[in-house]
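The values are calculated or read from the model by the stated rules, or taken from the named source; none is laboratory data. Treat the numbers as computed from the prediction; the structure is a model and nothing was measured. Please note: Cβ atoms are built from the backbone with ideal geometry, for glycine as well, and neighbour counts cover all protein chains shown. Quick note on the areas: whole protein, heavy atoms, side chains included, nothing else; ligands and nucleic acids left out. Shrake-Rupley method; radii C 1.70, N 1.55, O 1.52, S 1.80 Å.
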Amino acid sequence: MNDYTQQLQDKKDRLKTLFAGLDVPEWEVYESLDKHYRMRAEFRIWHEGGEMFYAMFEKGQKAGGASLIRCDRFDAASEAVNRLMPELIALAAQSAELRNRWYAVEFLSTLGGEMLVTMIYHKRLDDEWIRAAQALQQQLDISVIGRSRGQKIVLKQDYVTETLKVGNRDFHYRQIEGGFTQPNAAVCQKMLEWACGAAEGLGGDLLELYCGNGNFTLPLSEKFERVLATEISKTSVGAAQWNIEANGIGNIKIARLSAEEFTEAYTGKREFKRLKEGGIALADYAFSTIFVDPPRAGIDGETLKLVSQFDNIIYISCNPETLRANLDTLAQTHTVERVALFDQFPFTPHIESGVLLKKKILGKSKR
């Protein structure tokens with residue numbers, strides 16, 4: 001058994017133990033590549049004896065000394081990142097403006113090879129830096145952002161456009177520097193396929209909480225009459241709106257509300273101008289299904305009460321412990337129809353999961 005197979009088996013065993021005592025079907029398992037699966041990577045830039053190189057440090061240890069790990073390549077990162085790493089540092093080393101006080105770098109790539117590089121400095125970035133960075137950007141055919149305290153200089157653009165294939169359709173996503181995206185694009189495609197399969201035949205309207213940049217929203221919109229999606233981050237809402245328009249999808253509306261705020265609106269406890277200004281009347285929707293992809297803390301108590309009212313629940317989780325706690329509550333009103341493990345983060349303890357639940361009627365799930 002190789003290292004990847006063993007770590008995946010360990011995750012399967014962990015889920016089996018964690019969810020013991022809960023009536024769940026067999027886990028569907030979606031593997032990752034064992035190399036070049038991360039579209040994002042971040043490194044410190046280490047200067048030592050006139051040499052400059054990429055570095056990481058042992059978790060919990062101070063930078064430098066025995067904790068220093070030199071990274072001339074990084075197998076977890078995409079092939080595009082690995083190709084660029086030596087070229088970028090070699091060219092930057094030739095320019096005093098780019099080299100001096102360069103502290104860290106962030107790479108954001110796509111499956112198609114598009115690349116955004118953020119260069120972070122411990123100095124004020126001036127016109128001379130801009131000219132040097134523009135030359136670097138042109139020579140390497142990338143987009144460059146410069147950052148230092150109180151500064152963000154975007155030379156061309158602050159995003160990449162990822163294309164993910166779901167079923168027979170390509171979906172295009174604007175992924176903004178500093179915004180949240182799933183780092184493992186190949187597994188993300190599998191997650192989208194699974195979610196669409198779980199939604200097949202449910203019909204009616206869909207409510208989505210925590211929609212981010214519309215990662216799941218776009219492909220799921222093909223399975224429902226209308227979609228109302230909520231997200232609190234202005235950056236993510238802006239990206240979601242662009243993604244909806246760029247993909248020519250007409251049945252999605254985005255409400256800039258947190259899950260807690262939406263719960264208050266849905267239960268009539270509060271009115272929000274943001275809903276009225278967006279032309280959203282909750283009474284107009286006939287929701288059959290709710291889709292949730294909460295943060296690591298899981299779903300809060302009040303929102304969980306709201307979620308439990310829906311006939312169908314599709315739940316994507318990045319924390320199996322909070323998922324188990326939430327399912328202990330939801331299993332009182334719903335049956336667990338499908339469960340899936342998505343190995344979004346190979347060789348780490350992190351587990352991404354998917355669950356489909358259906359409302360019980362007279363002790364049976366509603367179909």
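Going through the cross-link list Lys234/Lys273; Lys12/Lys360; Lys152/Lys253; Lys12/Lys190, which pairs have a Cα-Cα distance over 24 Å in this structure?
Lys12/Lys360; Lys152/Lys253
For the range 176-286, what is the largest minus smallest coordinate of the Cα atoms on each principal axis, given in angstrom and ordered from greatest to least?
So the extents along the principal axes, rounded to whole Å, are 41, 36, 25.
For Leu88, what is the net charge nearby, where nearby means another residue's Cβ is under 13 Å from its Cβ and Lys, Arg count +1, Asp, Glu -1? The partial results should precede the final answer.
Working: positive: Arg73, Arg83, Arg99; negative: Asp72, Glu87, Glu106, Asp141.
In short, -1.
How high is the FRET efficiency from Lys123 to His350, r the C-beta distance, R0 25 Å, rounded to 0.05?
Once rounded, the FRET efficiency stands at 0.10.
Of all the accessible heavy-atom surface of the chain, with the other protein chains kept in place and a 1.4 Å probe, what percent is carbon and sulfur?
Within the chain, the accessible surface is 47 percent carbon and sulfur.
Please give the contour-minus-distance gain from Glu337 to Arg149: 0.36 nm per residue of separation, less the Cα-Cα distance, rounded to one decimal in nm.
Answer, rounded to one decimal: 62.7 nm.
May I ask you to compute the full-extension gain from Arg73 to Glu277, defined as 0.36 nm times their residue separation minus their alpha-carbon distance, rounded to one decimal in nm?
Taking Arg73 through Glu277 to full extension adds about 68.5 nm, to one decimal.
Here are several values of Rg and Dmax of the Cα atoms in Å: [x] 19.4, 58; [y] 20.0, 66; [z] 22.6, 74. Which one was derived from the coordinates shown?
Evaluating Rg and Dmax of the Cα atoms in Å on these atoms matches [z].
Report, in deg cm²/dmol and to the nearest 500, the calculated mean residue ellipticity at 222 nm for the chain, where each DSSP H run with n ≥ 4 adds -39500 (n - 2.57) and the sum is divided by the residue count. Walk me through the numbers on the way to the answer.
Working: 11 runs with 112 residues, N = 367.
Computed ellipticity for the chain at 222 nm equals -9000 deg cm²/dmol.
Among rounded, prolate and oblate, which fits the range 229-367 when a ≥ b ≥ c are the square roots of the eigenvalues of its C-alpha gyration tensor, a/c under 1.5 means rounded, and a/b larger than b/c means prolate?
oblate
In debye to the nearest 20, how big a dipole does the chain give about its Cα centre with +1 on each Lys and Arg Cβ and -1 on each Asp and Glu Cβ?
Values: 46 positive and 50 negative charges, 129 e Å.
The dipole of the chain has a size of about 620 debye.
Quick check: the distance between the Cα centres of the range 251-316 and the range 187-215, to the nearest angstrom?
Using only Cα atoms to place each centre, the spacing works out to 15 Å.
In nm, to one decimal, how far is the modelled label at Asp13 from the one at His36, with both set 7 Å along Cα→Cβ?
For the pair Asp13/His36, the computed spacing is 3.1 nm.
Taking springs between alpha-carbon atoms closer than 10 angstrom, which of Gly50, Gly112, Gly197 fluctuates most in the Gaussian network model of the chain?
Fluctuation is largest for Gly50.
Compare the Cα positions of Ser221, Asn243, Ser233 along the charge dipole of the range 216-256 (+1 at Cβ of Lys, Arg; -1 at Cβ of Asp, Glu; about the Cα centre) and return the one farthest towards the positive end.
Going by the Cα projections, it comes out as Ser233.
Which of the helices in the chain, when you take each full DSSP H run, stretch at least 15 Å along the axis at their Cα atoms and have an average Kyte-Doolittle score of -1.0 or higher?
TM-like helix candidates: 79-93, 127-140, 185-199, 234-246.
Based on the alpha-carbon gyration tensor of the range 19-92 and its eigenvalue square roots a ≥ b ≥ c, which shape applies: rounded if a/c is under 1.5, prolate if not and a/b is larger than b/c, or oblate?
Since a/c reaches 1.5 but b/c is at least a/b, the shape of the range 19-92 is classed as oblate.
Tell me which aspartates and glutamates have Cα within less than 15 Å of Lys35's Cα, excluding those fewer than 8 residues away on the same chain?
Partners within reach: Asp3, Asp75, Glu79, Asp343.
Counting other Cβ atoms within 10 Å, which trypsin sites (Lys or Arg not before Pro) in the range 82-137 have at most 16 and lie in a DSSP loop?
Hits after loop and neighbour filter: Arg101, Lys123, Arg124.
Can you give me the accessible area per residue for the chain, using a 1.4 Å probe, in Å²?
Value returned for the chain: 47 Å² of accessible area per residue.
When only the heavy atoms of the protein chains count and the probe is 1.4 Å, how do Glu128, Glu28 rank by accessible area, highest first? Provide the component values of the computation, followed by the final result.
Working: Glu128 95, Glu28 45 Å².
Result, largest first: Glu128, Glu28.
Quick one: grab the alpha carbon gyration tensor of the range 59-129, order the square roots of its eigenvalues as a ≥ b ≥ c, and give me rounded if a/c is under 1.5, else prolate or oblate depending on whether a/b is larger than b/c. Please report the intermediate quantities before stating the final value.
On the way: a/c = 1.85, a/b = 1.06, b/c = 1.74.
Note, shape of the range 59-129 comes out oblate.
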